[in-house]
Structures are given as structure tokens and as C-alpha cells.
Amino acid sequence: MAEQRTVSVPSSWMTPSGRYGRAVARACDLGIALVVLAAADYYSAEYDLLLGGLMALGLLARRRYPGTVMAAVLALTAVQFALYDLPEFQLASAPASYNVAVLFAMMSVVHHSRTTWMPYLAGAAVLLATAAGTVGAPALGIEPFADPETLLIYWGMTLTVWLTAFALHTRRLYAESQAARAWHAEREQEQGARLAATRERAEIARELHDVVAHSLAVMILQADGAGSVLRKSPDMAETALKTIAATGRDAIDDMHRIVRVLREGNPDSGTPDSGTPDSAGGSPRRLITLDEIKVVADRARAAGLAVDLSVEVGEERLSPAEEMTAFRIVQECLTNVLRHAGAGAGVDIRLREEQGTLLIDVTDDGAGNLAGSVAGGSSGGNGLVGMRERAELAGGTFEAGPRLGSGWRVHASIPVRTA
């Protein structure tokens, strides 16, 4: 018979696992072996104890090598009957109570088998072996030892043991399938959690970049301007300082919201600036609308940019998420112009809706610098990556590149999800 190795079974009150389960299994195997050995010791024929001892010894390995153990027990049983039917000497008793080892071996094959045909083969082997008892085996010198009535008793015992073992075998396979299903479900849940955490980290990284980069760019330029005109024009310096303070307060508010999401780890609390209730205090977060674009445009003008803004989008045509995406893209564009082109650059911002699509175009003249001659000519910055991710998450497209001559152009299209 083919060799089959046992596998671990999920823990329960009937099938303990771990170190305790292995100890119980060894104790059961030892107890079965002692039962067979004690039954063999009851008989007085010369080879009864030897044959019973070999059967008991084989049963100790019934879990690891059930097929081999059953084949060995059947072979020893054949030897037992052959010794019993010797013409001059009766060297073994047959049938004997220690032949219960055959049933234990069959039960092991049925219960620990990993194939569908092994349980049926084991049961058929025992039924055929007992059926042979009614006719004997003249070639082996074995005479008939059972009449039809006794055969029915043997078959009844065999079928009872086989059905019990098969029920335990089916239950074990079911428990293993449930355990495997639970393991796969847990792995899928862990993978989903990791993906969700990755998406959340990417969202927070974009928010941090937008808040920090834009706010610092505006504050630095305003601070430089205030320092240069502090003595010549105190009013202009005061205006610049007020802009710095307002920008800093907005940045601090945004940072507090982002940090709160990080600290609480609550994915249902929404992303910053989404307008959803704050999980800590229940207060609504600052709702980003297209009107905020006018605010950042005014601050960019105060920082020295010549901003021309045009917003041709009907009221309540965009969802809060779409308005926030448009705002962040425009904000990042102005940040890049401030950082790479500097004061004196001209920026043209156009937002319009055409056939259910929000179109965003931001172009600048680069303050007269040739395209690619400044850092803004690099296409690998985090700002461009963040804008592209925002547009693609909204189901849109994003393009950015240098203009012919000087300056830079950004174009994004976002589908509008109107009711």
C-alpha cells in the first residue's frame, strides 16, 4: 500500500494539537499496542506472543506509516494461520483475539489516509481476508476457519470499525479545510490592511507635501520681501507679515488634522480637508472649495507672482473630493512657480467644465528663464508625482512639461460625478 503521512489537525477536545496532542497520540498508540500484546500473552502456543508482539510493535508506527503497518499486520496474520494449520504442530492460535490488530491497522489507514481510494482499499482487504476464511487458502496450507454465520459477525465488526474511522477521517478533513479557509481569510485580511495602510500613508504624504511645501514657499518669499521693504515701506512689510501669519495658522491647522489622523489611526475619520467630522472632537474639518483657490492666488500675488485666475465652473457641480483635488493641484502649481521661477513670474490659471469633465490648465512664463534651466524643469519631483496621483485617483489624467521657450505647463482633466 502507498505510504501516507499524517498532518496536524485543528485543536479541539477530540483532536488536541501541539505538545499535548502529541503526548496523547503516543499514549493512545502505546495503549493499543499493550492491548494487543496482552491478548497475545493469553494464548499458550509457541509463536502467539511473538506474532502478537510484532503486531503490537508495528501499531506504534500506525500514524506515520499506516499503509505499511496494515500490510505488515495482514502478512503476520497470514503467517499466524499458516502456523496454526501445520499438520504435526500447532505453533500459533487462530483465530485469536490479538487479531484485533488488523482492525486497528485498518482504522489507521482510513483515518490518516490522504487519498480517496485508500480507505476503500483497506476495508476491502479486510473483508476479503475474512471471506477467505470460509474457503481457506490451500496453497498456503490454511484450512477454512469460519462458517457463514461467523463471517457475518466478522464483517459486521469490520464495517462498524470502518464506518467509525471514516467518520473521523471526514471530520478531520473538514476541520482542516475550515482551518485552511480561516488562514487564507486572515492572510487576505492582513493583505487588505497593509494595502489600506499603504494608501493612507500615500494620502498623508501628499497632504504633508502640499501643506508644508506651499506654506513654506509663501512664507519664505513674504519674509524676504518684508525684510527688503521693512524700512522703506512699513505698510508693505506689515502686509507681508500678516500674510505670513495667516499662512502659518492655516498650515498649523492642517498639520494638526493630519497628525490627529496619524495618532488615532482611524481610517474612517476621513482625510484632511475632506469636510468630514473630526473623530476626536466631532467638529467638522475645514471644507476645501474652489473659493480657496482665490485665497492661494491672492497670497501668490502678495509673494510677487502675477496671477491671472479664471474659474468657469457652475456652483455645486463638483463634489467636495473633486474640489479638493482641483485646489491641491492649483496650490502645488503655484508652489512650484514660487520655488523655481520666483517673484516676477506670470501665472495663468484656467478651470472650466466641458462635457462632464473638469479641465485644469496652469501655465507660467518662468520669469523669462528658458525651460529646463531651473529646478522646475525636473519631472521627478514629489509635487508632480502627488498631482498625478490625485488626478488618477479621481479617474482623470495629468500632463506636465516645459513650454516652448520659457515656463511650464500643467494640464489635468477630472471627470465630474454629477447627480
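The values are calculated or read from the model by the stated rules, or taken from the named source; none is laboratory data. Since the structure is predicted, the reported quantities are computational estimates derived from the model, not experimental observations. For neighbour counting, all protein chains shown are included, and Cβ atoms are generated from backbone atoms with ideal geometry for every residue, glycine included. Only protein heavy atoms, including side chains, enter the accessible area calculation; ligands, DNA and RNA are left aside. Shrake-Rupley method; radii C 1.70, N 1.55, O 1.52, S 1.80 Å.
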Residue list for segment 95-116, restricted to those being polar (S, T, N, Q), in a loop (DSSP other than H, G, I, E, B) and in contact (Cβ under 8 Å) with a residue 24 or more places away in the chain: Ser113, Thr115
Kindly indicate whether Ser113 is closer than 20 Å to Asp41 by Cα and out of contact with any Ser or Thr (no Cβ under 7 Å at 6 or more places or on another chain). no
Test result for Leu34, part of a helix (DSSP H, G or I), among the aliphatic types (A, V, I, L, M) and buried (at least 22 other Cβ atoms within 10 Å of the Cβ): no
Failed condition for Glu46, given (1) among the charged types (D, E, K, R); (2) touching a Leu at 6+ places or on another chain (Cβ under 7 Å); (3) at pLDDT 85 or above, with all others met? (3)
In segment 358-416, how many are within 21 Å of Gly346 (Cα to Cα), open to solvent by 40 Å² or more (accessible area, probe 1.4 Å), part of a strand (DSSP E or B) and modelled with pLDDT of 85 or more? 4
Just the residues that are among the acidic types (Asp, Glu), in contact (Cβ under 8 Å) with a residue 40 or more places away in the chain and open to solvent by 20 Å² or more (accessible area, probe 1.4 Å), please, taken from segment 312-330. Glu312
Whichever residue in segment 218-239 is at pLDDT 75 or above and open to solvent by less than 40 Å² (accessible area, probe 1.4 Å) and, among such residues, is nearest to the chain's Cα centre (by Cα): Ala237
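To keep it simple, each residue is scored yes or no on (1) modelled with pLDDT of 85 or more; (2) of a type in the set (Gly, Ala, Ser); (3) surrounded by fewer than 14 Cβ atoms within 10 Å (Cβ to Cβ).
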{"site": "Ser97", "(1), (2), (3)": "no, yes, no"}
{"site": "Phe104", "(1), (2), (3)": "yes, no, no"}
{"site": "Met107", "(1), (2), (3)": "yes, no, no"}
{"site": "Thr115", "(1), (2), (3)": "no, no, yes"}
{"site": "Met118", "(1), (2), (3)": "no, no, no"}
{"site": "Leu121", "(1), (2), (3)": "yes, no, no"}
{"site": "Thr150", "(1), (2), (3)": "no, no, no"}
{"site": "Thr170", "(1), (2), (3)": "no, no, yes"}
Test result for Met70, closer than 20 Å to Ile32 by Cβ, crowded, with 19+ Cβ neighbours inside 10 Å, in contact (Cβ under 8 Å) with a residue 40 or more places away in the chain and over 40 Å from the mean Cα position of the chain (by Cα): yes
Going through Ala92, Ala75, Ala61 one at a time, which residue ends up being open to solvent by less than 60 Å² (accessible area, probe 1.4 Å), without any contact (Cβ under 8 Å) to a residue 24 or more places away in the chain and outside any helix (DSSP H, G or I)? Ala61
Quick check on my filter: what residues within segment 172-192 are at pLDDT below 85 and open to solvent by 60 Å² or more (accessible area, probe 1.4 Å)? Leu173, Tyr174
